[in-house]
Amino acid sequence: VVPDIPGLDAFAGTRFHSARWNWEHDLAGETVGVIGSAASAVQFVPEIAQLAGRVHLFQRTANWVVPKQDEPFPEAMLEAFRRDPELARALRQKIFDSFSGPGIFERVRPDMEKACRASMEVVRDPALRARLVPDHPWGCKRPLLSNEYYPAFNRPNLELVTDPIERITADAVITRDGRERRIDSLILATGFATTKFLSAIDVRGRGGVSIADAWSDGAQAYKGVTTAGFPNLFMLYGPNTNSDSIITMIEYQADHVLRQIERIAREDLAW
């Protein structure tokens, strides 16, 4: 997704989307503008802040960033897993159960928000910390995980900008308050067209109807797998299925699809 910001195409410096990273360009010592503060920015902003001379992070909406629990198991625990693999399986099941099932977001929201707020305490400036607190409940947007994002705001060369962007010039980003921030490079951490299913290929169903037209009011599919009017079209990870373990979900969907394909072959069906 490329944002619709006046003057964006007029920027004369180096510009790229975070999903199309320009590995040939060296950000060392530069003044860098980053538009967006969600999943992509949470990953790369702490990294580039160590290289760039200055980073201006333009935030439209604050996001909840949960600590990433990736501490290594101590050797004693690893040895216990080796002796009794059931211990490892039980731990995995406990983790799986803690993030699955109906109402999962409601169940874990208080703990997640508490963990996020505790992580924010590392930001020394209270006024800055307040601007990092979201105005929506945890779970309303994609949950983010990082142990490096909040600490990065203690760096003197990282500025959080919350005034809306008004326009972009050949060498600067101008916010609604009239302030002009000159930059050398501009990185768009503006995400993806996540609701455009099957956008890369042209799928047509009965009567030559394009699925893009069929879904003009929103993508719909039975169990996220099959769509009326498009016989023999099976999807994995289709519309409205982003929940719980995606791996487990796709396994169930694949089983379902195979049963239908086998039935088509067994009963000599056209669709």
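Here are the numbers:
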| item | result |
| --- | --- |
| For q = 0.25, 0.26 Å⁻¹, Debye-computed log10 I/I(0) when each Cα of segment 202-271 counts as one equal scatterer | -1.13, -1.16 |
| Apportionment of accessible area to carbon and sulfur, the chain, percent (1.4 Å) | 53 |
| Pairwise FRET efficiency - Asp217 versus Tyr252, Cβ, R0 = 41 Å, nearest 0.05 | 0.90 |
| Extent along principal axes [Cα atoms of the chain; Å; largest to smallest] | 69, 59, 36 |
| Average accessible area per residue (Å²) across segment 1-121 - probe 1.4 Å, nucleic acids and ligands excluded | 63 |
| Whole-Å distance, taken between Cα centres, linking segment 256-271 and segment 1-71 | 48 |
| Cα centroid separation, segment 175-245 to segment 97-126 (Å) | 28 |
| In degrees, nearest ten, helix 85-98 long axis to first principal axis of the chain (Cα) | 80 |
| Helix-derived mean residue ellipticity, 222 nm - over the chain, DSSP H n ≥ 4, -39500 (n - 2.57), to 500 | -9500 deg cm²/dmol |
| Amide proton proximity set for Val55, modelled H, under 5 Å, gap of 5+ | Val32, Leu158, Glu159 |
| Evaluated over segment 85-170, the Cα radius of gyration and Dmax, each in Å | 17.7, 61 |
| Links that overshoot a 28 Å alpha carbon limit, given the list Lys114/Lys223; Lys114/Lys196; Lys141/Lys196 | Lys114/Lys223; Lys114/Lys196 |
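The values are calculated or read from the model by the stated rules, or taken from the named source; none is laboratory data. Everything numeric here is computed off the predicted structure, so don't read it as measured data. Quick reminder, even Gly has a Cβ in these numbers, built from the backbone with ideal geometry, and neighbours come from all protein chains shown. Areas reflect the complete protein model, heavy atoms only, side chains present, ligands, DNA and RNA absent. Shrake-Rupley method; radii C 1.70, N 1.55, O 1.52, S 1.80 Å.
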